[in-house]
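To start, the structure itself, in structure tokens.
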Amino acid sequence: MNKKFFSLLELLVAVGVIAILAALAFPVFQHIQTKSRQTFCANNLRQIGLALQMYAQEGSRFRLPVCAGALDRNAGPDSMKVLLPYLNHSATVFRCPADNKYFAQDGSSYDWNIMVNGKEIDEKELIMKDIKLIMPVMFDTDNFHGPAGKLSSKNYLYLPANVKTELLYSN
């Protein structure tokens with residue numbers, strides 16, 4: 001009986017080839033994971049936008065809520081407290097999967113634009129009536145979607161439940 005075993009050299013070559021393939025595949029998987037987090041984040045903002053639509057249309061008030069934001073923490077209650085009843089009381093919608101800081105610190109990965117507080121909206125299209133410029137209602141608190149010093153992106157929520165991803169250069 002003649003038994004055939006791998007030589008040490010053959011085993012090292014096989015391990016080397018596997019290591020090279022893994023090193024080539026790692027950046028691809030990392031990019032896919034980053035894009036997945038960004039898409040999940042955009043979906044969270046879209047759900048928040050739908051909750052805003054329900055809030056505005058309830059009782060025919062057709063106004064956006066008055067909430068606190070980074071520019072003025074005393075402008076009103078947190079947007080999460082106002083919108084939670086319209087999101088089945090699920091606070092996880094306010095967490096971007098790429099955020100490792102703000103959700104634990106503030107309870108939300110997203111910031112409310114206080115410039116839209118109490119603005120009247122059109123009842124059919126949910127567009128702010130007295131603002132000519134298109135202005136986001138909510139957005140990522142920080143630049144979560146990309147490493148510092150690189151071209152990356154940030155998600156913005158516009159009405160009606162329209163999320164746009166815009167490229168940024170961060171330092």
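The values are calculated or read from the model by the stated rules, or taken from the named source; none is laboratory data. Source: prediction; values computed, not measured. Heads up, the Cβs are rebuilt from the backbone with ideal geometry, glycines too, and the neighbour counts pull from every protein chain shown. Surface accessibility is based on the protein's heavy atoms, side chains included, excluding ligands, DNA and RNA. Shrake-Rupley method; radii C 1.70, N 1.55, O 1.52, S 1.80 Å.
Would you confirm whether or not segment 50-66 contains a residue that is over 22 Å from LYS164 (Cα atoms), open to solvent by less than 80 Å² (accessible area, probe 1.4 Å) and not in a helix (DSSP H, G or I)? Yes, some residue in segment 50-66 is over 22 Å from LYS164 (Cα atoms), open to solvent by less than 80 Å² (accessible area, probe 1.4 Å) and not in a helix (DSSP H, G or I). When the residues of segment 6-65 are filtered to those that are in contact (Cβ under 8 Å) with a residue 60 or more places away in the chain and of a type in the set (D, E, K, R), the one that is farthest from LYS81 (Cα to Cα) is ARG37.
PHE5 meets each of the listed conditions (1) open to solvent by 90 Å² or more (accessible area, probe 1.4 Å); (2) not in a loop (DSSP other than H, G, I, E, B); (3) not aliphatic (A, V, I, L, M) apart from (2). As for segment 13-34, it holds at least one residue that is modelled with pLDDT under 85 and of a type in the set (Gly, Ala, Ser).
Taking the listed residues ASP111, ASP99, ASP106, the one that is surrounded by fewer than 18 Cβ atoms within 10 Å (Cβ to Cβ) and within 17 Å of ASP142 (Cα to Cα) is ASP106, with no other qualifying.
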